[in-house]
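This report concerns only the one structure given below.
Since every read-out is calculated from the coordinates, none of them should be taken as a lab result. In this text, all values refer to a predicted model and were calculated from it rather than measured experimentally. Note that each Cβ is placed from the backbone with ideal geometry, even for glycine, and that neighbours are counted across all protein chains shown.
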C-alpha cells in the first residue's frame, strides 16, 4: 500500500511541477563568458572596456581573503590587460603582479594607475549606459 500511495502522489504532482517550468532548462554560464561588461568614458576622450569574470576566492596564510575574480581591460590606446582581483578597502581593485598597472572600479566610475609612482593615466571615467 505505501508504494501505491507514493506512485499516486508522484503522478499527481508531476503536472504541477512541469507547469512551473515555463521555458527551456537553465544552463550554467560558460566559464569563459564574462559575468558583466562595462564601457567607461574618461577625460581626454579616453575609453576603457572592462569584462568582469568571477573566480573562486581563497584564504591566504595570514587568514586574509584572496579574491578570485579577474578583469580583462581594453584601453583606447590599444593595450589590453588581464588582471586578477586584489584586496581593496573600497571598490574593486585589479592589479598586475608587480602592482604597476592597477584598474579600480567603484559603482559606475573607474580609473587606471600606472608605473611605480601610480600615476593616474585614465581619470574621471564614467560608465556608459
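Sorting 57-69, 93-105 by their mean Cβ neighbour count within 10 Å, with the most densely packed peptide first, gives 93-105, 57-69. The stretch between residue 58 and residue 39 holds 4.0 nm of extra length on full extension. This uses 0.36 nm per residue minus the Cα-Cα distance.
Computed over segment 28-127, the P(r) curve from all C-alpha pair distances, binned at 5 Å from the origin, holds 3, 13, 23, 26, 19, 11, 5, 2, 0 percent per bin. Look at the alpha carbon pairs under 8 Å that are at least 6 residues apart: their mean separation over the length of segment 40-129 gives a relative contact order of 24 percent.
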